[in-house]
Amino acid sequence: MSAGPKLGRPALEIAPAYESDDVAAVPPAVPAEDIGESPDRLPAQRRYAITGDWRAVDG
């Protein structure tokens with residue numbers, strides 16, 4: 001199994017898909033660090049988990 005499907009799953013646990021991008025753009029830093037990710041990359045991983053589009057996390 002590839003790591004792709006697992007990439008955004010923890011991000012969705014912190015900022016669920018039903019929340020707007022504005023609300024999800026300011027995730028708590030502690031949960032982000034708990035999953036080993038920076039708060040800056042969390043929104044991109046969340047977008048990937050919602051859309052499945054790798055362009056969300058590229059760059």
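The values are calculated or read from the model by the stated rules, or taken from the named source; none is laboratory data. Quick caveat, the model's predicted, so the values are computed rather than measured. Using ideal geometry, Cβ is built from the backbone for each residue, glycine included, and neighbour counts are taken over all protein chains shown. Each accessible area value is taken on the protein alone, full model and side chains, heavy atoms only, with ligands, DNA and RNA left out. Shrake-Rupley method; radii C 1.70, N 1.55, O 1.52, S 1.80 Å.
Details
- Cβ-Cβ contacts under 8 Å between residues 6 or more apart (or on different chains), taken from a first residue in the stretch 38-59 that is under 18 Å from Ile14 (Cα atoms) to a second residue that is open to solvent by 100 Å² or more (accessible area, probe 1.4 Å) and of a type in the set (D, E, K, R), are listed as Pro39/Glu33; Ala49/Arg9; Ala56/Arg47; Val57/Arg47.
- On inspection, Pro31 qualifies as touching an Asp or Glu at 6+ places or on another chain (Cβ under 9 Å) and either exposed (fewer than 12 other Cβ atoms within 10 Å of the Cβ) or at pLDDT below 80 (or both).
- The stretch 1-28, residues that are more than 11 Å from Ala49 (Cβ to Cβ), surrounded by 12 or more Cβ atoms within 10 Å (Cβ to Cβ) and at pLDDT 80 or above: Glu19
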